[in-house]
Amino acid sequence: MSGKPTDKPEIEPYDGPAGGWGSMKSLAEIGLRERVPPISTPHELARQNKPDGYMCVSCAWAKPAEPHPAEFCENGAKATAWELTGLRTTPAFFEKHSVSELLQFTDYELEQHGRLTHPLRYNPDTDHYEAVEWEQAFAEIGRELKALDPKSVIFYASGRASLETSYAYSLMARMYGSQNLPDSSNMCHETTSVALKKCIGAPVGTVKLEDFEQCDAIFFFGQNVGSNAPRMLHQLEDAAKRGCEIITFNPLRERGLERFINPQNPVEMTTGKATRISTQYHQVKAGGDIAVLMGLCKMVIEADDAAGGGILDAAFIAQHTHGFDAFAATCRQAQWSDIERESGLSRAALEEAARVYMKARNVLGIYGMGLTQHRLGIHNVYMLMALLLLRGNIGRPGAGICPVRGHSNVQGQRTVGITEKPELAPLDKLAEQYGFEPPRDKGMNTVEACEGILAGKVHGFIGLGGNFVRAIPDTSRMEPAWRGMRLTVQVATKLNRSHLVNGQIAYLLPCLGRIEEDMQASGPQAVSMEDSTSCIHGSLGERTPASPHLLSEMKIVAEIAKAVLAPNPKLDWDAWVADYSKVRDAIAETYPDQFRDFNQRMFQPGGFYRGNSAREREWKTASGKAEFIAPPALSATGFDDQPDLFRLITLRSNDQFNTTIYGYHDRFRGIEGTRQIVLMNRRDIERLALAEGAEVALHTDAGDRTERRVNGLRIVGYDIPEGCIGAYYPECNPLIPLWHHAEEAKVPAAKSVPVRIVQ
């Protein structure tokens, strides 16, 4: 079925809903393919996202206090099967396959071989990974790190590491002397962190699950809930059924935002009757969201002008905001011809949406990387924030802003210190708590780390999870430069491409998965994560580990720390490993306002809320108020339109999570057996005298004289705005210039890349 690519891919429209029997069939298929013991899957899925169970290893959507019997989604269950797999990648596998040979494997094939079982060291003389003892690995890693300038070493973290490990990891890096702590936020929601911090004084969303029960309307931008956060469909379904209007702006018609059959509803499964999710669905051009939001804000402000007041929340604006007059003037001066051209939508369509906004008492603004991954992505977020501020939709029940975060603890690891920005870490407190002087200079984020590698200034890279080399832009330039580093160390559960592009000395260190039992000196250990709504949850694994040779992430970090750092009388790494509650006590000491009584509260149903000042209408901004910020342009792309220049949107399939490819069946888009496709509007296909099914290449037209090209893509006619095309991530990452990123935030602008189609 969907497990492998084929020479004869099937491409035909899919008419089914999100969820339903299609989801059930997909789960059954992956369980068989992963050779998960039949008795294991039901037991572990029953514990997923439960108060006394484990937090999903996939997305960061919130866990309700009263969970559904099956509190998991299709992709979350796939992630669980992926970790529970009965397949193993042993030292014998690496004896059989050289690294050069493995580099020819697809992303799917690399991870499909199963869980890593032993620590490995790359031997450049034989081009093979070879098993190594843990003690030897830690000793050599320590020696190499001691020989390097700390400012030349990157400490990267993916979003899956627990709060405990993330805290220890960032502390180790700073004690070593490095502030280079980029994470996966740099590739997706750093735009959110920068924009919301400047606009409302809090870098994360203000919405909690309970707000979905009280909202009158939801304005949804640039997020594919059916593939990337399917458990949110429970909240959207409930809201839709009680009459909440859901207004969606997305370039593609994503099935999860159209209709949904809840697999836990026997009536819906029997009758096939789906719930309609969006009451309006507007297909905005890639990069056109600033124009959309400008149109909506213009209508609200001018309606208030015409009515003599009563549309805007004038009292809220006067008491709680700054910059309204200048912002309103910009909106009034905006021309409808420009708004329509840049958004790709008619004035009538925007008026229809604006009427809903003006009628609704409480509105949620939800968005994903469709807003953040543009050159002017920060202004996308400013504009959505402005729309909400116009009617006081921040800081009251049923209202607020809700960025949908990706990996399961990507928000949390920033909360406990993984950041390259010194002003975001409590450095004075850490200095007092542990008796050392932390670095005070700004470290490197993801783009800056890549620039440093290209320039030969970065000599070491430690990766706590993730698939960094595959996830970053400009991969055709980055991979050769990567091999110039002295030391690369990767902590992982499965093999991926990043483990095959190595420095002169390279280690691959296998760790426990979150679902597995983590047995230490004081007994089995629990860990914790933060969800997209700033709630903290405990997580306890029970599964027998995939190999007796695996160590926990916490143990691996502590052993590297012991190997590279001098003993510290204020920090006992071995005691932390023996009992993770001591790490949580340390976190509570560092962040007393957010983590008081951490150990006592971590398994509270629904999680414990760490607080958000903006939700309380306390604005920690320069002005002391929420800021209205007008955009410099109506297009977020950052480049000018030209004849036959397309806006490439990189996409994820519903058969993948980030760079992990579960299979080759993008069910909702009707594509099976291939990922080498380009989605095009049929009018564009006809205009260029192309044909559906024809093979083409994409070439970046960025004006920097660097050749960036991806070949062998099959044209698929699709419902996508003219002038826009879609293709899969990470296959099309070579097309994204490293410098093509969001202003200030430096998030790769992967949702509007300037490309041309060549034959």
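Computed from the coordinates by the stated procedures, all read-outs in this text should not be read as laboratory data. Please read all numbers here as calculations on a predicted model, not as lab measurements. FYI the Cβ positions are ideal-geometry reconstructions off the backbone, even for glycines, and counts take in every protein chain you see.
The C-alpha atoms of the chain define a longest principal axis, and helix 289-307 lies at about 40 degrees to it. Between helix 347-359 and the chain there is an angle of about 80 degrees, using the helix long axis and the longest principal axis of the Cα atoms. Of all beta bridges that DSSP places with both ends in the range 646-758, some 65 percent have antiparallel geometry. Over what distance in Å are the Cα centres of the range 181-217 and the range 696-759 separated? Measuring centre to centre over Cα atoms gives 27 Å. Taking Cα atoms only, the orientation of helix 324-333 departs from the longest principal axis of the chain by about 60 degrees.
By the rule of a C-alpha distance below 22 Å, with chain neighbours fewer than 8 residues away ignored, the lysines paired with residue 273 are 25, 241. Would you mind telling me the antiparallel percentage of the DSSP bridges in the range 433-532, rounded to 5? Taking every DSSP beta bridge with both residues in the range 433-532, the antiparallel ones total about 15 percent.
Each of 502, 532, 522 was scored by the projection of its Cα onto the charge dipole of the range 400-537, and the greatest displacement toward the positive side belongs to 502; charges sit on the C-beta of Lys, Arg, Asp and Glu. Partner aspartates and glutamates whose Cα lies under 12 Å from the Cα of residue 50, excluding those fewer than 8 positions away in the same chain, are identified as 66, 71. Does the range 646-758 come out rounded, prolate or oblate, given a ≥ b ≥ c as the square roots of the eigenvalues of its C-alpha gyration tensor, rounded meaning a/c under 1.5 and, failing that, prolate meaning a/b above b/c? Oblate. For a straight C-alpha distance cut-off of 23 angstrom, the lysines reachable from residue 285 (same-chain residues fewer than eight places away being disregarded) are 298, 746, 751. Each Lys and Arg Cβ is given +1 and each Asp and Glu Cβ -1; about its Cα centre, the range 444-584 then shows a dipole of about 440 debye.
Computed from backbone phi with θ = phi - 60° and the Karplus coefficients 6.51, -1.76 and 1.60, the 3J(HN,Hα) list for the range 724-736 is 10, 9, x, 8, 7, 9, x, 4, 9, 4, x, 7, 8 Hz; x is used for glycine and proline. Indicate the gyration tensor shape class of the chain (rounded, prolate or oblate), computed on the Cα atoms with a ≥ b ≥ c the square roots of the eigenvalues: a/c under 1.5 is rounded; otherwise a/b larger than b/c is prolate and the rest oblate. Verdict is rounded for the chain. Dipole of the range 375-520 computed with +1 at Lys/Arg Cβ and -1 at Asp/Glu Cβ about the Cα centre; of 471, 422, 455, farthest Cα towards the positive end is 471. The helix-based estimate of mean residue ellipticity at 222 nm for the chain, built from -39,500 (n - 2.57) per DSSP H run of four or more residues and divided by its residue count, is -9500 deg cm²/dmol to the nearest 500. Two-decimal Rg/Rh of the range 10-84 from alpha-carbon positions, Kirkwood Rh? A ratio of 1.00.
Amide H of residue 505 versus every other amide H placed in the peptide plane: which residues, excluding those fewer than 5 positions away on the same chain, fall under 5 Å? Under 5 Å from the amide H of residue 505: 487, 488. Each residue of the range 538-546 is assigned a 3J(HN,Hα), and the resulting list reads x, 8, 10, x, 10, 5, 4, x, 5 Hz, derived from the Karplus form 6.51 cos²θ - 1.76 cosθ + 1.60 (θ = phi - 60°), x at Gly and Pro. Report relative contact order for the range 10-84 in percent, whole number only (criteria: Cα-Cα under 8 Å, sequence separation at least 6). Reported relative contact order: 37 percent. The charge dipole of the chain, taken about its Cα centre with unit charges on the Cβ of Lys, Arg, Asp and Glu (plus for the first two, minus for the last two), comes to roughly 400 debye.
Its Cα centre serving as origin, the range 280-357 has a Cβ charge dipole (Lys and Arg +1, Asp and Glu -1) of approximately 140 debye.
Restricting to the chain, what percent of DSSP beta bridges are antiparallel, rounded to 5? Of the beta bridges lying entirely in the chain, close to 45 percent run antiparallel.
Taking amide H atoms as placed 1.01 Å from N in the peptide plane, the amide H of residue 656 lies under 5 Å from those of 662, each 5 or more residues away in sequence or on another chain. Mean sequence separation of contacting Cα pairs (under 8 Å, at least six apart), scaled by the length of the range 148-203, corresponds to a relative contact order of 37 percent. Taking amide hydrogens as placed 1.01 Å from N in the peptide plane, the amide H of residue 123 sits under 5 Å from those of 128, 129, 130, each at least 5 positions away in sequence or on another chain.
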